[in-house]
Amino acid sequence: MNKNDSERIESIFQSMNMISTDKPEDADVILMNSCSIRESAEDRIYSFSHKFAKLKEKKPNLIVAVTGCMPGRDKDGKLRKRLKAVDLFFPTKDVIMLPRWLSELNPELRPIDLEEDYLSVKPYTKTKFQAFVTLQTGCNQFCTYCVVPYARGMEINRPLKNILAEVKNLVDNGCLEITLLGQIVNHWLAKKDDKFSKENPYKQNDFAKLLWELNQIERLERIHWTAPHPIYMDEEVIDALTLPKQLNFIHLPVQSGNNKILKKMNRKHTHELYLEKIKKIREKKPDIAIGTDIIVGFCDETEEDFTDTISLYQECDFDISYTAKYSNRSGTLADKLFIDNVTQDEKKRRWFLLQQLMEDIVLRKNQTYLNKNVSVLVDTFKNGMCGGNSREMKRINFPGQPDLVGKIVNVAIIEAGHWILWGKMV
Ligand code: 5AD
Ligand code: SF4
């Protein structure tokens, strides 16, 4: 989501006739789009700000700005105090004010008028064939470890017509694949006056209805979305996984396999409910690839609790997991109510155990693709090799030509590694 916000910011800069540079020492404006999800992400912003403060000593007119999650959650100003030489510090939704603020600091920068809602700013993307589409920002869920509801505020859903107009415009400009974004994407809610087609088969879940509408857009080839919450994976959303443009992959965060920890995390689902959802998904789509997010070493997680996560992992046979060591975030409920009492070494040990398990499972699963054909959207070409993702979000490499970038081709798999499958075009 931050990447998609950065694309909006880039388009604002372009409207102001500014051009980008890879060299910070050449810049008149440096804007950092911060992430707060873990401490390490915020630490990076502190260290960049110290680096840029040195640049500012040599170039006093340089404007340094910080947006994203840090300003959003910094209610008492403590985070800003730790940053050096930052001129502007504002949450993402205020990005529409950026042209005015920049022109006040540097009159050579021309202000422009923007719509009031920052989500209406059209993102700038370098590649035309893939795009993010934000459906929703903010979150009402308050998982106890998570900073998002503080950083991004309460859930705000975009109207259906804005989403459809954005996607149609992308497709008219050659977009083949969209990734729908939301903190709880399957909880996207339509507005009262949003009108779905009469033929739309879904009656309960607005997100499923939206997926159907998007499936009707000609020339759009692939639809992907992230991240859903297990409690909103109802029958309709599971059924919508069978729609033709839907990728054959779902990323469904579980966070832990232990019921005591899930309760402490305020996840509102159990180990059993999660397994039931995976079972239903596989009944509809037996060969779907599944990914998840896991946090290890949450407050009071014992070795025994952790074994429940291992067993859930084995049972779900995940293709990929983004596993994180729990990082205490100031202001969250876990910070207020619990003690971060699992040692770093123990967090690391649990992280490595899961990582090993993931590598074993994924290699076995990837080998099932040998001698099969997969469809690949080519997104890179380097040293005679094309690269792209299959519909299962497996990374595929094969010998090809640069003009295949942006095209969908069939590839026969001849070799399978952990993170890359190699093949030849058929
Ligand atoms: N510590 C570690 N990981 C976290 N995540 C969210 N908050 C924390 C935290 N405090 C992880 C969750 C989430 C992903 C985006 O980041 O697994 O799904
Ligand atoms: Fe954070 Fe939970 Fe909301 Fe996801 S659902 S953004 S983990 S509070």
Report task. Among Thr92, Thr302, Thr67, determine the one that fluctuates most according to a GNM of the chain built with springs between C-alpha atoms less than 10 Å apart. Result -> Thr302
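What's the FRET efficiency of Ile19 with Gln314 using the Cβ-Cβ distance as r and R₀ = 41 Å, to the nearest 0.05? Write out the running numbers ahead of the final one.
Numbers: r = 51 Å, r/R0 = 1.25.
FRET efficiency, Ile19 to Gln314: 0.20.
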Report summary line: Applying the gyration tensor rule to the Cα atoms of the chain (axes a ≥ b ≥ c; rounded if a/c under 1.5, else prolate if a/b exceeds b/c, else oblate), the class is rounded
Query raised in the report: Could you give the accessible area per residue of segment 266-311, probe 1.4 Å, as a whole number in Å²?
Result: 42
Query - Fluctuation leader among Arg267, Arg219, Arg73 - the chain, Gaussian network, Cα springs under 10 angstrom - result: Arg219
Report task. List the cysteines in the chain whose Cβ has no other cysteine Cβ under 4.7 Å from it. Result -> Cys35, Cys69, Cys139, Cys175, Cys299, Cys316, Cys386
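Quick one: accessible area per residue over segment 105-200, 1.4 Å probe, rounded to a whole number of Å²? Please list the in-between numbers first.
Working: 4810 Å² over 96 residues.
The answer is 50 Å² per residue.
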Query raised in the report: How large is ³J(HN,Hα), in whole Hz, for each residue of segment 273-290 in order, when computed from phi with the Karplus curve 6.51 cos²θ - 1.76 cosθ + 1.60 and θ = phi - 60°, using x for Gly and Pro?
Result: 4, 4, 4, 4, 5, 5, 4, 5, 4, 6, 5, 6, 9, x, 9, 5, 8, 10
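Of the heavy-atom accessible surface of segment 370-425 (probe 1.4 angstrom), what whole percent is carbon and sulfur?
Details: 1530 of 2830 Å².
C and S atoms contribute 54 percent here.
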Report task. Return the long-range amide H neighbours of Leu421 (sequence gap of 5 or more, or a different chain), with a cut-off of under 5 Å between placed amide H atoms. Result -> Arg395, Ile396, Asn397
Query - Per residue accessible area of segment 370-425, 1.4 Å probe, in Å² - result: 51
Report task. Just need the relative contact order of segment 63-102 here, percent rounded to a whole number, with Cα pairs under 8 Å and 6+ apart. Result -> 52
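Determine the share of segment 125-247's accessible area contributed by carbon and sulfur atoms, expressed in whole percent, with a 1.4 angstrom probe. Could the numbers behind the result be given before it?
Working: 2670 of 4980 Å².
On segment 125-247, the fraction of accessible area on carbon and sulfur atoms equals 54 percent.
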Requested in this report: Provide the per-residue ³J(HN,Hα) series for segment 39-44, in order, calculated from phi with Karplus coefficients 6.51, -1.76, 1.60 and θ = phi - 60°, each as a whole number of Hz, with x at glycine and proline positions.
Outcome: 4, 4, 5, 5, 4, 4
Query raised in the report: Which residue, Ala324, Ala289, Ala41, tops the fluctuation ranking in a GNM of the chain built on C-alpha contacts under 10 Å?
Result: Ala41
Query - Percent accessible area from carbon and sulfur atoms, segment 2-117, protein chains only, probe 1.4 Å - result: 49
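Taking N as the number of residues in segment 30-121, what is its alpha-carbon radius of gyration divided by 2.2 N^0.38 Å? Kindly include the intermediate steps, with their values, before the conclusion.
Working: Rg = 13.6 Å, N = 92, 2.2 N^0.38 = 12.3 Å.
That works out to 1.11 for segment 30-121.
Please compare each pair in Lys161/Lys203; Lys260/Lys394; Lys382/Lys407 to a cut-off of 25 Å on the Cα-Cα distance and tell me which ones are over it.
Details: Lys161/Lys203 18 Å; Lys260/Lys394 33 Å; Lys382/Lys407 16 Å.
Exceeds cut-off: Lys260/Lys394.
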Query raised in the report: To the nearest 0.05, how large is the calculated FRET efficiency for Met154 and Glu104 if R₀ is 22 Å and r is the Cβ-Cβ distance?
Result: 0.15
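The values are calculated or read from the model by the stated rules, or taken from the named source; none is laboratory data. Only a predicted model underlies this, so the values are computations on that prediction, with no experimental measurement involved. All Cβ positions, glycine included, derive from the backbone under ideal geometry; neighbour counts span all protein chains shown. Please note that ligands, DNA and RNA were not included when accessible areas were found on the heavy atoms of the full protein model with its side chains. Shrake-Rupley method; radii C 1.70, N 1.55, O 1.52, S 1.80 Å.
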